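**Student:** Questions regarding the structure given below will be posed in turn.
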Amino acid sequence: MTSRTRPALALVALLASTGSIAACAGSDDAGSDDSIGAEAPAAEPAEEPAEESGGAEQEADEVRDIITNIRESFDNVVEATSDDGVLVAAGLSCPEGGDPFMLIGARGLTGDADYVAEVVPPLSYELRSVAQPDGTFRMQSDADPAVSAYTITLPTIGSGVTLEVPGCAS
């Protein structure tokens, strides 16, 4: 058996198992080359768009869900809309026996500006994010379980947005 007939026999076996042997019947080496060339490109493109659309759906979910995720997943949630129409939400999760976690998100931003949240009482590090091309950003941080409230200010969104988020000690 030559190296050229092995792939042809493998293709014939595959087609026979799927009931498509009639397409290659009566062919030898010359006919199987045509079948391989015709079958291979048709099978690959059918799989690629599914992968691409899965990634696009996943991206769309992330865009849609930054605010929805905060609304549905956090205990203490506060929202505000800036004077220029940007929706900002902040949530604090206070799990029993776990570390509190803060998430801040926005949608409706224009441009790729850098945003910094001023948090009182201050966190151990600065919350900073760059707006994404879809007009969103997200910032996240661990929080202090002993704090009764956080004041979060985003001075560069519109004429400034301030959120008063109840802490875990409230």
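Rule-based calculations on the coordinates, nothing more; no lab input. Everything numeric in this text was worked out from a predicted model, so none of it was measured. Note that each Cβ is placed from the backbone with ideal geometry, even for glycine, and that neighbours are counted across all protein chains shown.
**Student:** Residues of segment 122-158 with the amide nitrogen closer than 14 Å to a label point 7 Å from the Cα of V116, along Cα-to-Cβ, please.
**Tutor:** Answer for this model: 123, 125-130, 153-157.
**Student:** Whose amide H sits under 5 Å from the amide H of A143, counting only residues 5 or more places off or on another chain, with H placed in the peptide plane?
**Tutor:** HN-HN under 5 Å from A143: F101, M102.
**Student:** For segment 66-166, treating each Cα as an identical point scatterer without solvent, what Debye log10 I(q)/I(0) comes out at q = 0.12, 0.15, 0.18, 0.21 1/Å?
**Tutor:** Normalising to I(0) and taking log10 leaves -0.34, -0.54, -0.78, -1.05.
**Student:** Here's a follow-up. Tell me the label-point distance for the pair T162, S148, using the 7 Å Cα-to-Cβ offset, in nm and rounded to one decimal.
**Tutor:** Between T162 and S148, the label points sit 1.9 nm apart.
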